[in-house]
1. Given the structure, is Lys83 at pLDDT below 90 and not hydroxyl-bearing (Ser, Thr, Tyr)?
2. Return the residue satisfying two criteria in turn: it lies in the stretch 99-127 and is in contact (Cβ under 8 Å) with a residue 24 or more places away in the chain and buried (at least 16 other Cβ atoms within 10 Å of the Cβ), and of such residues it is farthest from the chain's Cα centre (by Cα).
3. Kindly list the number of the only condition in (1) exposed (fewer than 10 other Cβ atoms within 10 Å of the Cβ); (2) of a type in the set (Phe, Trp, Tyr); (3) at pLDDT 70 or above that fails for Tyr23.
4. Of all residues in the stretch 128-143, which are exposed (fewer than 13 other Cβ atoms within 10 Å of the Cβ) and either under 15 Å from Val111 (Cα atoms) or free of Cβ contacts under 8 Å to residues at least 24 places away in the same chain (or both)?
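The values are calculated or read from the model by the stated rules, or taken from the named source; none is laboratory data. Predicted model, so just to flag it, every value in this text is computed and none were measured. Using ideal geometry, Cβ is built from the backbone for each residue, glycine included, and neighbour counts are taken over all protein chains shown.
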Amino acid sequence: MNPTSNVGRKYHVQEEEKPTPKYVVREVVTHSGKCGKMKKLIYVIVLIGFFAISSYSQERDYYKEKFEFEERLQKEQFLQWDKERQEQERIQQNWKKIRLGATKERVISLVGKPDQINRTVGEWGVHEQWVYGRTYLYFENGILTAWQD
């Protein structure tokens, strides 16, 4: 063998060492893909559960707000109805206080303004008919002279 010839010689080449990365990414080994499919299934189930809970929570909040609104509305309507009822009772009681000879101002203070006023003017003075629903009050020169109900 020729000392300068490389034939038949085995050379040992030393490889450079590669630097070790700080973070090693590990690959998940799946057994025939079953593990990956199972993870996806679990992920989908968790998402469905989350959205179901979120949807239920939103629906519950909606109905709670709706119930509270309707409750407030009913309370306000009841209070308005009660106020009107009390006013009607007061007026009913005040009708009993009206006497012949009362002035127009006194009648208004007791039962409020009339629905309609029919006025007749002549040489004798001013005659007025005040209409309260089916009740009629008659005034001559500002003094109550008669009523009809």
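1. Numbers: at pLDDT below 90: no; not hydroxyl-bearing (Ser, Thr, Tyr): yes.
For Lys83, the condition - at pLDDT below 90 and not hydroxyl-bearing (Ser, Thr, Tyr) - is not met.
2. Ala102
3. (3)
4. Gly133, Arg134, Asn141
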